[in-house]
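Enquirer: Supplied in structure tokens, the structure appears directly below.
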Amino acid sequence: MIIGLFNHWVVIILMMIGLYIVIAHGNLIKKLVGLTIFQTSVFIFYISIAKVDGGTAPILADGITQYSNPLPHVLILTAIVVGIATTALGLSLVVRIKETYKSIEEEEIQQQDNEEQLTKHKTEDSA
Amino acid sequence: MITHLPILQVITPLMAAPICLLLNRSQLVWMFSLLASGLAFLISILLLQQVMISGVISYELGGWQAPWGIEYRIDKLNAFLLLIISGISTVVLVAAQTSIEKEIPKDKYTYFYVLYLLSLTGMLGIVATGDAFNVFVFLEISSLSAYALIAMGQKRQALWASYQYLIMGTIGATFILIGIGLMYQMTGTLNMADLSQRLPEVAQTRTVFVSFVFVIVGVCLKLAMFPLHLWLPNAYAYAPSIVTAFFAATATKVAVYLLIRFTFSVFGLSFSFTTIPLQTLFMALGLIGIFIASATAIYQKNVKHIFAYSSIAQIGYMIVGFSLSTVTGLTATLLHMFNHALMKGAIFLALAAVIYRVGNVELNHFRGLGRQMPLTMAAIVIGGLSLIGVPLTVGFVSKWYLLTALVEQGWWPIAVLILLGSMLAVVYVWRIVEVAYFKAPLDENIKVKEAPVSFLIPIWTLVIANIYFGIDTRLSVQVAKGAAQSLFGVSP
């Protein structure tokens, strides 16, 4: 049971590590790292379920009848591309956040936003 | 040509996006985007007509037979959603060129339209496709362009809102991906119609159960259902106004569509509502969402925030209708999707006009605008009345159906709660009316004039639609009811 579902255990552990980083860390880059680990765990899940016991690579050849399932691999290629796009977009957002907030720590950004809101409302009330 | 409509629906904006990059002259790009979106709208009308007459359309992509190839499947529900999305997109685009003048740097105009069209493509694709994995791909197309569009907002908070949305949205989409993977593992198919036939055989397994939960949680993240709504208010408030108008009217509807499609069609009604207590759960979350979001809306100082929270509350109504799992309840949800798109489209476009003239949408800057921008403010008031559910507006129609559905099941207390929730909407709409009509304008806003015609035309198109569909409900009710009945397998 435990050995037979080895791939699932790897996937679940990776997934939890990824999600934990996203939730627990305040550094925006670390959050993206966590997100990437989380996505990668899903990629591994798709790839590992495609393996057929005793099957070879899905290439037509004489004398071979048992193939691994190529479809999940193709699907996950698409998802990998999507993952790259997400990471790239996320990183470029972090660059721009760093430019305007001078920080990539969640707490400091929130604090700056709150302070800005407070001063704005103060000037409004006095006006 | 007519047989290829389902793919043309998606591919028109998709192909138009790169062409925009080649044109690269802002006025020209705007006209071209408008043309592409208008074409998509025309196609959706043709599709709806065809579906109403001859039933479900199935289109095999590249001639590969389903379930091996990708199938585009248009039934009444899909056609209805396609109509809402492409219609709102077209109307909103009319005002786009004027609005982004004040909000986006000139060198980014072309990219704005490219992203807008890609986002439109994503949403249309999610709705048109009959393939579960295709849903994920289109979901990411629309989401990725949405993150970039939101980050284009003027204030630096837009970047932070976009980043938060990116994290939450990606987790949501990946959850859906896990769910689809588990489904594939159990059935070996990705075609939705095929899945719905094969899943019952393995319905008792834990894998299918887990896949269901992953899909539901993922969709609810995208849906901004309470308590997974935290990304929405800032994303809507800081995005460029045109983007807010487009997304507020369409994006969450697409997620509601996915929820309905997965629970009713793919997993099947009996599975969805018996394996986990979906009815109690969604009913409770929907109601809590209505009250908490409406109450939060009352205390906001930024008008865009007020209506963003109100959007979360309106999603609550859709969820309550959905959770009833009766034909009338689902009809109410579908009607509310259509109606909410009309009201929020009108309101957020009017807010875009206010930003164009006043420069921001802080509540205290609304002082005296009732006299300075009478037509724009009147649009917000009618939209607000529609949100409350006053008779002769579309809001009344969907609330009426929702109450009928609740009373049908004998759930009087819930019906009373729904009415109380609408009272909260009165409060936050009144706050805006009070400031706009009964206070003297701020000194800096003395010279503010009525919004330009390029705003008034789309705003009032939507406002008139708000009233028209509130009086003549034949079209919307007929389609929504037909869609709901076919989801329940009742022949109309």
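Enquirer: Total Lys pairs in chain A closer than 29 Å by alpha-carbon, pairs eight or more apart in sequence or interchain only?
Expert: Going through chain A pair by pair, I get 8.
Enquirer: Continuing with the same structure: Given points 7 Å out from each Cα along the Cα-Cβ axis, report the residue B:295 to residue A:20 separation in nanometres with one decimal.
Expert: Placing both labels 7 Å along Cα→Cβ, they lie 3.6 nm apart.
Enquirer: Taking only Cα atoms, what is the 0 to 90° angle, nearest 10, from helix B:26-54's long axis to the longest principal axis of chain B?
Expert: 40 degrees
Enquirer: May I pose another question? For the pair residue B:11 and residue B:35, how long in nm is the line joining their label points, each one 7 Å along Cα→Cβ?
Expert: With each label placed 7 Å out from Cα toward Cβ, I get 1.9 nm.
Enquirer: Please turn the phi angles of the range B:325-331 into ³J(HN,Hα) values with the Karplus equation 6.51 cos²θ - 1.76 cosθ + 1.60 (θ = phi - 60°), one per residue in order, whole Hz, x for glycine and proline.
Expert: Taking θ as phi minus 60°, the curve returns 6, 10, 4, 5, x, 5, 4 Hz for the range B:325-331.
Enquirer: According to the Kirkwood expression over distinct Cα-Cα pairs, how big is the hydrodynamic radius of the protein assembly as shown, in Å?
Expert: About 24.9 Å, per the Kirkwood formula over Cα pairs.
Enquirer: Grab the other residues whose beta carbon is less than 14 angstrom from that of residue A:20, score K and R as +1, D and E as -1, and report the net.
Expert: +2
Enquirer: Going by how many other beta carbons lie within 10 Å of each one, how would you line up B:213, B:208, B:127, fewest first?
Expert: With the sparsest Cβ surroundings first, the list reads B:213, B:208, B:127.
Enquirer: Can you tell me the 0 to 90 degree angle between the C-alpha axis of helix B:394-408 and the longest principal axis of chain B, rounded to 10?
Expert: 40 degrees
Enquirer: Using the alpha-carbon atoms, what tilt in degrees (0 to 90, nearest 10) does helix B:109-128 show relative to the longest principal axis of chain B?
Expert: 30 degrees
Enquirer: Between residue B:46 and residue B:474, what is 0.36 nm times their sequence separation minus the Cα-Cα distance? Round to one decimal in nm.
Expert: 152.3 nm
Enquirer: Another question about this same structure. How many Lys pairs in the range B:277-492 lie less than 30 angstrom apart by Cα atoms, where the lysines are 8 or more positions apart or on different chains?
Expert: Count of close lysine pairs: 18.
Read-outs: derived from the displayed coordinates by stated rules, not from any lab. Computed from a prediction, not measured in an experiment: that's the story for all the values here. Neighbour counts run over all protein chains shown; Cβ positions are idealised from the backbone, glycine included.
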